[in-house]
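Participant: To start, I am sharing the structure in question, which I have written as structure tokens.
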């Protein structure tokens, strides 16, 4: 196999991995250990694939995905924050709150009460840490 074939296989594998994560991100038990058997990859290989291809760990990617999805729900629904935390894969609201504040720069309630999240579709385009 030449280098081009290797990149093609790696890209196809990563696409499959990302699709699987997007489908299952709300599962609190989602981890490399849970994902790897269904993808026929070892945990170590899957973790390395993430780091080398995306420049971040699986855990960091999943955390960002969950917080982005939570931000969209906060901006576009009136659901309780605790309910949203559960919907995006957090078993503990405290952990959700810590992650949300670390990535968004404010609490989930502060985020919800701002004006800019109200415009639908804007959340996923915003950078983390942009609460005012």
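Participant: With a point put 7 Å past each Cα toward its Cβ, work out how far residue 110 is from residue 64 in nm, to one decimal.
Facilitator: 2.2
Participant: Please work out how much length the chain gains when fully extended from residue 92 to residue 22, using 0.36 nm per residue of separation minus the C-alpha to C-alpha distance, in nm with one decimal.
Facilitator: Length gained between residue 92 and residue 22: 23.2 nm.
Participant: Could you check the spin-label model distance between residue 15 and residue 80? Points 7 Å from the Cα along Cα→Cβ, value in nm.
Facilitator: 4.2
Participant: For 104, 83, what's the fewest-to-most ordering of other Cβ within 10 Å of each Cβ?
Facilitator: 83, 104
Participant: Follow-up. Using every alpha carbon pair in segment 37-111, what percent of pairs falls into each 5 Å bin from 0 up to the bin containing the largest distance?
Facilitator: 3, 16, 24, 19, 13, 12, 9, 4, 0
Each reported figure results from applying straightforward, stated rules to the coordinates on display, with no laboratory input. In this text the structure is predicted, and so the values were computed from the model without any measurement. As a convention, Cβ positions derive from the backbone with ideal geometry for all residues, glycine included, and neighbour counts pool all protein chains shown.
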